[in-house]
Amino acid sequence: MEKLTNIGLQKEDSLQIAEKLNELLANYHLYYQNLRGFHWNIKGIHFFQLHAKFEELYTVSLTKIDAIAERILTIGQQPLHTFSDYVRVSSIKEAGNLSGDKETISVTHENLSTLLDLEREILKLAADTGDEGTVSLISEDINENEKTLWMLNAFLS
């Protein structure tokens, strides 16, 4: 039996990485949907700023979702693709009926922290197995998410 994927990675390693990437994919979907809800429902004095910011964040998230799913396919595995799978696998939970500035930013901060923790876990696993493509994808995302988290912290302080 062949031990390498079609791009030269160990199949067993790729299975482990794909499992974690699918977990990230599921979490990103819940993060994305929470942002959509915040964008639609935000109220108050910061409406215009946060309405635009939530749209920016969910637009970026949609691009990341696609990149994660395509990476899973690239390493020879199948990305999750049903909402029931996303809800089952994700540690980020649905955040319904929120419309205040502090509460929506706090949930966004919490969700983003969850994504960063998982990305750091994936980064280590990918580095340890020599999966440079996944390292590159996740490393870039960590940098962007850390900057966003810094901005959310500034808003909340």
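The values are calculated or read from the model by the stated rules, or taken from the named source; none is laboratory data. Quick caveat: nothing in here was measured; it's all calculated off a predicted structure. No Cβ is skipped: glycine too gets one built from the backbone with ideal geometry, and neighbour counts run over all protein chains shown.
Data for the structure
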quantity	calculated
Whichever residue in region 115-139 is polar (S, T, N, Q) and surrounded by fewer than 21 Cβ atoms within 10 Å (Cβ to Cβ) and, among such residues, is farthest from residue 30 (Cα to Cα)	129
Where a residue in region 139-157 is modelled with pLDDT of 95 or more and its partner, wherever it lies, is part of a helix (DSSP H, G or I) and among the β-branched types (Val, Ile, Thr), with Cβ under 9 Å and at least six apart	141/68; 144/60; 148/60; 148/108; 152/105; 152/108; 155/105; 156/105
Identity of the residue in region 91-144, of a type in the set (Gly, Ala, Ser) and in a helix (DSSP H, G or I), that ends up farthest from the chain's Cα centre (by Cα)	127
Checking residue 34 against (1) more than 16 Å from residue 126 (Cα to Cα); (2) free of Cβ contacts under 8 Å to residues at least 60 places away in the same chain, the condition it does not meet	(2)
Verdict on residue 59 being within 19 Å of residue 24 (Cα to Cα), assigned to a helix (DSSP H, G or I) and of a type in the set (Ser, Thr, Tyr)	yes
Selection from region 37-49 of residues that are in contact (Cβ under 8 Å) with a residue 24 or more places away in the chain, surrounded by fewer than 22 Cβ atoms within 10 Å (Cβ to Cβ) and assigned to a helix (DSSP H, G or I)	37, 41
Restricting region 1-31 to residues that are assigned to a helix (DSSP H, G or I) and aliphatic (A, V, I, L, M), the residue that is nearest to residue 126 (Cα to Cα)	17
